[in-house]
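Worksheet: one structure, shown below.
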Amino acid sequence: MYRLKSIHFYPLKSGRGINLDSVELDRFGPRGDRRWMLVDPGGRFVSQREYAAMARLAALPQDNGLRLVMEDEQIQVPTPAAGPLREVDIWDDRVPARDAGQDAADWLERMFGRPLRLVYMGDDCERRVDSRYARRGETVSFADGFPLLLISASALDDLNSRLTQPVSLDRFRPNLVVEGCEPHAEDRWHRLRIGELEFDVAKPCARCAVPSLDQRSGEKHPEILRALASYRRGEDRQVYFGQNLLYASAGTLRVGDTVEVLA
């Protein structure tokens, strides 16, 4: 029997993750997941791909906003609920977002040594999942493209058996981790039931350079991607690890929920 081993969400895109015992899914994904994002002066999103130091940036949700913590510095940022919207770019999408203000921008520039702004995706935003995979017009937050990423715990064990120094799963930034199955069994799954909710497996997740970054220090370890490429490279030359999920109904997931493969 497969079970949900752990649940993770990421308040700020490319910021540190937070472990949860349970999570409510809304139309964006896990409630609060990647609703905040950093952009450059032109409004283009930035991530650990360009700024490895973001691995050291913790974003802690508060009742009325977000607390950013880096090194010994922190700032409380209220959720921007009013004011003009600005267009921001994430991959091929241009979506409206609310700017979190100059205080947050000044703090970020001091931390990263270059101008950056913090933006927030409001409840009324409609960023659509790629129509090649979405069947019901699903929407997504500032996540790369899908509301959920699932990985089997045994897939990490398999990778670690090929490394001289084992790594933790936070490098791969999953939302859901499943235990009890063989390594990469998720590659063969098409539909799932987790607890009382059903999911479609949309597509495998192509990996960028982020898994090579230590999620506490930002230090780069290229041997991780080299190891993955030795056995997880597809015909298109991309390296794949984990599966993106879609779902039709909101609800709650809990650690320990049974995971049933429906197709």
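The values are calculated or read from the model by the stated rules, or taken from the named source; none is laboratory data. Source: prediction; values computed, not measured. When we count neighbours, we look across all protein chains shown, and the Cβ atoms used for this are built from the backbone with ideal geometry, even at glycine.
Return the only residue of 35, 49 being assigned by TED's automatic domain parsing to the domain that holds residue 115, buried (at least 20 other Cβ atoms within 10 Å of the Cβ) and under 17 Å from residue 149 (Cβ atoms).
35
Matching residues to (1) at pLDDT below 95; (2) aliphatic (A, V, I, L, M); (3) within 23 Å of residue 148 (Cα to Cα):
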residue	(1), (2), (3)
201	no, yes, yes
205	no, no, yes
211	yes, no, yes
215	yes, no, yes
220	yes, no, no
225	yes, yes, yes
230	no, no, no
237	yes, no, no
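Results for (1) crowded, with 20+ Cβ neighbours inside 10 Å; (2) farther than 25 Å from residue 26 by Cα; (3) over 17 Å from the mean Cα position of the chain (by Cα), shown as yes or no for each residue.
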| site | (1), (2), (3) |
| --- | --- |
| 91 | no, no, no |
| 119 | yes, no, no |
| 136 | no, no, yes |
| 151 | yes, no, no |
| 158 | no, yes, yes |
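Of everything in region 160-191, what is under 25 Å from residue 28 (Cβ atoms) and either part of a loop (DSSP other than H, G, I, E, B) or in contact with a Lys or Arg (Cβ under 7 Å, 6 or more places away or on another chain) (or both)? Give them in sequence order.
Restricting attention to region 160-191, the residues satisfying the condition of being under 25 Å from residue 28 (Cβ atoms) are 169-178, 186, 189-191.
Hits for region 160-191 are 173, 174, 175, 177, 178, 189, 190.
Considering each residue of region 112-156, count those that are in a loop (DSSP other than H, G, I, E, B) and farther than 30 Å from residue 4 by Cβ, and give that number.
Going residue by residue through region 112-156, those that are in a loop (DSSP other than H, G, I, E, B) are 113-116, 121-127, 129-138, 140-147.
Next cut, farther than 30 Å from residue 4 by Cβ only: 113-116, 124.
Summing the residues that are in a loop (DSSP other than H, G, I, E, B) and farther than 30 Å from residue 4 by Cβ in region 112-156 gives 5.
Hey, among 253, 228, which residue is crowded, with 16+ Cβ neighbours inside 10 Å and within 26 Å of residue 59 (Cβ to Cβ)?
Numbers: 228 fails: within 26 Å of residue 59 (Cβ to Cβ).
Just a single option satisfies the conditions, and that option is 253.
Which members of region 231-250 meet the condition of being surrounded by 11 or more Cβ atoms within 10 Å (Cβ to Cβ) and charged (D, E, K, R)?
In the first step, residues of region 231-250 are kept if they are surrounded by 11 or more Cβ atoms within 10 Å (Cβ to Cβ); the result is 231-233, 238-248, 250.
Within region 231-250, 232, 233 qualify.
Quick one: is residue 49 among the basic types (Lys, Arg) and in contact with an Asp or Glu (Cβ under 9 Å, 6 or more places away or on another chain)?
In short, no.
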